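Remarks on the structure that follows.
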Amino acid sequence: MKQRSKQMKVLIVGSGGREHAIAWSVAKSPKVDKIYCAPGNAGIAEYAECVDIGAMEFEKLAAFAKENAVDLTIVGMDDPLVGGIVDVFEAEGLRVFGPNKAAAILEGSKAFSKDLMKKYQIPTAAYENFDDPEKALEYLRTEARFPIVLKADGLALGKGVLICQDLKEAEDGVKEIMEDKKFGNAGNTMVIEEFMTGREVSVLSFVDGKTIRTMTSAQDHKRAQDGDQGLNTGGMGTFSPSPFYTEEVDEFCRKYVYQPTVDAMAAEGRPFKGIIFFGLMLTADGPKVLEYNARFGDPEAQVVLPRMKNDIIEVMEACVDGKLDQIDLKFEDNAAVCVVLASDGYPVKYEKGIPIHGFENFKDKDGYYCFHAGTKFKDGEIVTNGGRVLGITAKGETLKEARKNAYAATEWISFANKYMRHDIGKLSTRLKLVIFHRHSLTKTGISLYNSNNYETQ
Ligand code: AMP
Ligand code: GLY
């Protein structure tokens, strides 16, 4: 039954699994009457009218929002945010959820985010920034300890990070990033950073410029093959929550990472509104920030949003209006796993346009979701249209159960070149679990933990 309160029109910008998960969440809101998605995909089309405008066509998108009396635009992707889509919408008097260009630099420039963390004593790996390849090489030859990490400053589809084992690899890396410009202008500046070891955890949060509310934790599997082998990808699967994100880690990050980041951005005259994604590494010296993103993770959103109890529109509006302090975020006390079904050959070379079968198996199945990442309609059927094709998410009371359910559901879908990892949500026994039991303030203001390391069984 249509309620009187249903009157909002929402536009979502993006076309991946993350935007599908956002669209699914928005569709549940009792406030929303109509959803548009630009450009969207075949799965998003179930909830939204897909509009054929690209995510970087800011003027066209703003004109569309005006003509169609859109009440709120939600930007899912990093490129338009870093490019300033929010500024274009705000200049037109349109309501939009996401950071403006000045704030999205938190993701758009790794050199900026490292300098910010250093200035405000937010724990992160030691580093130096370089805009001259000769100086970078000199540093590597004289001062560096290996392995070492090279990062292109700008957006590079998650591929601009090179872990170099020795000087030769690092010299080749400088050439790739700064001279051959493998990642384009993203490599004009480079960060050289200390190599850290530990568990990685992602924590996503809503931010209204001053208040931050963190969501439940998640973890991504970035490598293409089982056992974390093969090339880096956009993400082959995720699980939530991370058993390694303990209360103690949470307490530490609240004190030294989350609010300090929001306060630092405000102090820099760049108040951040939208999503901050904290990529954390739980090192023997305590949690440290690996990276910031200025949007939901993909596929982190596909495990976090299905567990969120709040009306997403209420939370996003509170962010836009600076009233997030009035919101209490709530998550289900369960677990979720998302297994990405990719095209064989991803992330290098793969075929597209292949018919996909089995979507009907998800109908009326509570706790099972088939999020579309790269699909489109062709001659009345749904075909593959990208490297990552679908994100199969399932919930369970425990991580183990969610994992079992998600893998069972991956069998419901078939397409000729279907590829997936078989160990999503499986906690590697090779990695060391670090238990933190005490921390103390050092004179730099950064907390250190005493730690015991032991192998997980
Ligand atoms: P980023 O885009 O900065 O998150 O880097 C991508 C991936 O590279 C991370 O998820 C880590 O697995 C790895 N990485 C980045 N920085 C470091 C570091 N300082 N030490 C070890 N691994 C890193
Ligand atoms: N899954 C990692 C990211 O969205 O950046």
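The values are calculated or read from the model by the stated rules, or taken from the named source; none is laboratory data. These figures come from a predicted structure and were not determined experimentally. Because the Cβ atoms are built from the backbone with ideal geometry, glycine has one as well, and the counts that use them run over all protein chains shown. What goes into the accessible areas is simple: the full protein's heavy atoms, side chains included, and nothing from ligands, DNA or RNA. Shrake-Rupley method; radii C 1.70, N 1.55, O 1.52, S 1.80 Å.
Overview of results
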quantity: Rg/Rg_globular for the range 125-192, with Rg_globular taken as 2.2 N^0.38 Å and Rg from C-alpha atoms; calculated: 0.96
quantity: Of all accessible heavy-atom area on the range 177-332, the percent that carbon and sulfur account for (1.4 Å); calculated: 43 percent
quantity: Distance between modelled label sites at residue 381 and residue 28, nm, 7 Å Cα→Cβ extension; calculated: 3.3 nm
quantity: nm² value of the averaged projected area, convex hull over the Cα atoms of the chain; calculated: 21.9 nm²
quantity: Accessible area of the chain divided out per residue, in Å², using a probe of 1.4 angstrom; calculated: 44 Å²
quantity: Approximate spin-label separation residue 121-residue 344, in nm, with each point projected 7 Å along Cα-to-Cβ; calculated: 5.6 nm
quantity: Binned Cα-Cα distance frequencies in the range 66-162 - 5 Å width, integer %; calculated: 2, 11, 17, 17, 16, 12, 9, 7, 4, 3, 1, 1
quantity: Distance between modelled label sites at residue 365 and residue 9, nm, 7 Å Cα→Cβ extension; calculated: 3.6 nm
quantity: Mean ellipticity per residue at 222 nm, deg cm²/dmol - from DSSP H runs of n ≥ 4 across the chain, formula -39500 (n - 2.57); calculated: -7000 deg cm²/dmol
quantity: Within the accessible area of the range 43-154 (1.4 Å probe), percent carbon and sulfur; calculated: 45 percent
quantity: The range 397-428: chymotrypsin sites (Phe, Trp or Tyr not before Pro) in DSSP coil with no more than 15 other Cβ atoms inside 10 Å; calculated: none
quantity: Members of 365/400; 363/395; 114/330 lying beyond 25 Å, as alpha-carbon distances in this model show; calculated: 114/330
quantity: Cβ-defined net charge surrounding residue 309, 14 Å radius [Lys, Arg +1; Asp, Glu -1]; calculated: 0
